[in-house]
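The values are calculated or read from the model by the stated rules, or taken from the named source; none is laboratory data. Since this is a predicted model, take the numbers as computed values, not measurements. With ideal geometry, Cβ positions are generated from the backbone for all residues, glycine too; neighbour counts draw on all protein chains shown.
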Amino acid sequence: MNAGMATIMGNRTLPRLLQTPAVVLLLAWMLVPLSMTLFFSFIRYVLNNLRKPEWTTPSIDNWRGWGNYEYVLYKAKDFWFAVENSLIIVGSIIVFTVVLGLAIAVLINRTFPGRGIVRVLLISPFFIMPAVNAVLWINMILDPVLGLNGLAIGGINNMVASLTNAPLVGWFFALWPVIEPISFRGTETSAIAVIIMVTWQWTPFAVLIFMTSLQSEDQQQKEAAILDGASAWSQFCNLTLPHLARPIAIVVMIQAIFHLSLYAEIEIVSRGNGNKNLPYLIGEFASNNIGAASATGILAVILANIVAIFLLRIVGKNLMD
Amino acid sequence: MAGLTLRNVAKNYADVNVIESIDLDIKDGEFVVFVGPSGCGKSTLLRMIAGLEDITGGTIAIGDTVVNEVAPAKRGVAMVFQTYALYPHMTVYKNMAFGLKQAKTPKDEIDKRVRAAAEILEISDLLERTPRALSGGQRQRVAIGRAIVREPSVFLFDEPLSNLDAALRVQTRIEIARLHQRLGTTMIYVTHDQVEAMTLADKIVVLRGGNIEQVGSPIELYETPDNMFVAQFIGSPKMNFFKAEDLTKKGQAMLKGDVDRLGIRPEHFTTTDVKSALVVATPDLVENLGENALVHCITEGGMEFIVKTTDLTKFKQGKKIGLTADKARVLGFNSTTQKRIG
Ligand SMILES: Nc1ncnc2c1ncn2[C@@H]1O[C@H](COP(=O)(O)OP(=O)(O)O)[C@@H](O)[C@H]1O
Ligand SMILES: [Mg+2]
């Protein structure tokens, strides 16, 4: 080893050389699927077409330009519906989990007998598989006949019916209509079912993150606020919420990433009837039209990025300082 | 402004008795320091006055009102915490304005008071910063400012200087003393540091194990401590106690009646010939502090003690020396009752 060699292998070159395989691998990992999807989105590519068998192989000869995109954006009826639904589902779940998560975390942060068990029970929904969660909710709780939903409404109806014959007050109950249980597999309600079950499953995640953060809250600040005459609500708004800004940002970001790609719940609740998000739409296209599926996939990537930038702008600021 | 009256005040946590029964009168405008070793219940007592801890026995009155059941914010007290406890997400201005805002004070009144307090504490140009962007000393000032703007009748300080470095501690101590002169408000100050207690207090309350050992002015505690604990706790280095075997004949002659210990502060020794000495000792080690020196000596009975002196020429390591002190400076104690006699 001489001085010349040392300059060539300067204190930057060697580490970079050693990093190269990992970097190349990671790039390939990302770039290959993305470029293939991009390529497929510009060609005609279907799994099965008897009249045009040449479309069943991916080839540059089947170039379609923006055709797949035009088809997805303007002709296929479900795209904009799926975009809207994706955003509604993700947005609602985030709002509900954060609000519920905050409430529960604050509630169980104080000491009470059995706190350990309550905490474990609260966290447990998070360990259930999404598909199992969906099956349990849609069949055992939300089902209008056999689920808790149906049983409870049935019970109320029976009680009202039996009270119509009661003396004095019977006439009042006779005025009551028979209540219909809501069917959560219906066109308008299936998204609500998905929101309910995912909120139930992910609230524990929010609780877990908020709870850890609440434990690091400075108690003397609270005491100072008490001496300053701050009510419990004022303490929550002025001290606890700002203290939780960062964990809230984390919960929002992570959930946005996860819930944009919900699939199992939508499949199980209504098989996409009245409730589709982008992944589900891609899945539907992909049963035959790979070109359209790829174009939708690229659009989904763009949407995810818009959402990410948007969220980074609003909540990400908290992560920076 | 108001004085305080504590009667039979006690505190239990479940079955642990932290404060037994405290009676104390604090005059309006007095600067009172609670001092004592760590864990003796100083903070607990202060927090009971503030209303942050329930009072499990006795009564606390601020002015003429018993405040046992009064909400902390309604007691007219303001507290400066050891960790400052500034609100991290608010600017200095908002930190100071927060209490007034909660009390629905008009905006221009808040502004006037905050700016006046900032003026006093020389933090006017920090008002738009957040606590994160302040140094320890500046945070301390903001914490004091937050207390001042509420114009309380009693200020409470819980070890406010212990997070500052030595130089800043001295400076802030002086500023707190000045603040008391300027505002004339009753102040209660908790510390485990007897120097802070001596320099700041009109009245020192020495606590140990949830009990008051002695209440008095700094000079009273220094000159006439009630017992051996107070004698050793006040003054640095602490007072030396001599048994009969450590003393000369002349020294032993001072052990009369119940007195079986002589207490002499390190700074009260003078050197003399062996014949007229109270204690004959062998210098063992010297710590030279510049303005004076601490000489660690060993008595003939084998006990180590400290002499504070400005003249080191008399002390030769290993060479016996006679030590005496002004009669008025020699205190007699009984080691069984721990009390001072006479
Ligand atoms: N919440 C509590 N539960 C039980 N013991 C406590 C509690 N808070 C303080 N103590 C005890 O009370 C004693 C006095 O505490 P404190 O007032 O903080 O002492 P200090 O004089 O150091 O300020 C200590 O022995 C401490 O262990
Ligand atoms: Mg303390």
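Observations, loosely collected:
- Looking across A:242, A:204, one residue alone is in a helix (DSSP H, G or I) and within 30 Å of residue A:183 (Cα to Cα). It is A:204.
- Residues that are β-branched (Val, Ile, Thr) and either within 16 Å of ligand 1 (Cβ to nearest atom) or assigned to a loop (DSSP other than H, G, I, E, B) (or both), drawn from segment B:82-98: B:83, B:91
- Here residue B:145 passes the criteria (1) of a type outside the set (D, E, K, R); (2) part of a loop (DSSP other than H, G, I, E, B); (3) crowded, with 16+ Cβ neighbours inside 10 Å; (4) within 14 Å of chain A (Cβ to nearest Cβ) except the one numbered (2).
- Subset of segment B:63-81 that is farther than 14 Å from residue A:225 by Cβ, crowded, with 20+ Cβ neighbours inside 10 Å and more than 16 Å from ligand 1 (Cβ to nearest atom) - its residue that is nearest to the chain's Cα centre (by Cα): B:77
- Criterion violated by residue A:242 - all others in (1) surrounded by 17 or more Cβ atoms within 10 Å (Cβ to Cβ); (2) within 14 Å of another protein chain (Cβ to nearest Cβ) satisfied: (1)
- Residue check for residue A:291: at pLDDT below 85, surrounded by 14 or more Cβ atoms within 10 Å (Cβ to Cβ) and either of a type in the set (Phe, Trp, Tyr) or in contact with a helix residue (DSSP H, G or I) (Cβ under 7 Å, 6 or more places away or on another chain) (or both): no
- Scope segment B:63-80; condition part of a strand (DSSP E or B) and within 11 Å of another protein chain (Cβ to nearest Cβ); matching residues: B:77, B:78, B:79, B:80
- Residue tally, condition within 14 Å of ligand 2 (Cβ to nearest atom) and either within 21 Å of residue B:238 (Cα to Cα) or of a type in the set (S, T, N, Q) (or both), over segment B:158-181: 2
- Residue list for segment B:1-51, restricted to those being within 16 Å of ligand 2 (Cβ to nearest atom) and hydroxyl-bearing (Ser, Thr, Tyr): B:13, B:38, B:43, B:44
- Residues located in segment A:210-232, provided they are within 11 Å of chain B (Cβ to nearest Cβ) and surrounded by fewer than 16 Cβ atoms within 10 Å (Cβ to Cβ): A:217, A:219, A:231
- Residue count for segment B:182-232 under the criterion of being within 16 Å of ligand 2 (Cβ to nearest atom) and either within 14 Å of another protein chain (Cβ to nearest Cβ) or hydrophobic (A, V, I, L, M, F, W, C) (or both): the result is 6.
- Condition check for residue B:137 on (1) small (Gly, Ala, Ser); (2) within 14 Å of chain A (Cβ to nearest Cβ); (3) surrounded by 14 or more Cβ atoms within 10 Å (Cβ to Cβ): one failure, at (2).
- Qualifying residue in segment B:207-217 (condition: more than 16 Å from ligand 1 (Cβ to nearest atom) and touching a residue at least 24 places away in the same chain (Cβ under 8 Å)): yes
- Residues of segment B:1-33 satisfying the condition of being hydroxyl-bearing (Ser, Thr, Tyr) and under 15 Å from residue B:77 (Cβ atoms): B:5
- For the residues A:265, A:217, A:223, the requirement of being on the phi < 0 side of the Ramachandran plot, of a type in the set (D, E, K, R) and not in a helix (DSSP H, G or I) singles out A:217.
- Candidates are the residues of segment A:162-180 that are in a loop (DSSP other than H, G, I, E, B) and among the polar types (S, T, N, Q); the one that is nearest to residue A:144 (Cα to Cα) is A:164.
- Residues in segment B:29-62 that are assigned to a loop (DSSP other than H, G, I, E, B) and within 9 Å of ligand 1 (Cβ to nearest atom): B:36, B:37, B:38, B:39, B:40, B:41, B:53.
- Sole residue being buried (at least 22 other Cβ atoms within 10 Å of the Cβ) and more than 14 Å from every other protein chain (Cβ to nearest Cβ), chosen from B:120, B:49, B:60: B:60
- Screening the candidates B:159, B:109 for the property of being more than 13 Å from every other protein chain (Cβ to nearest Cβ), charged (D, E, K, R) and out of contact with any helix residue (DSSP H, G or I) (no Cβ under 6 Å at 6 or more places or on another chain) yields one hit, B:109.
- Test set (1) within 13 Å of another protein chain (Cβ to nearest Cβ); (2) more than 22 Å from the chain's Cα centre (by Cα); (3) more than 22 Å from residue B:164 (Cβ to Cβ) - residue B:88 fails condition number: (3)
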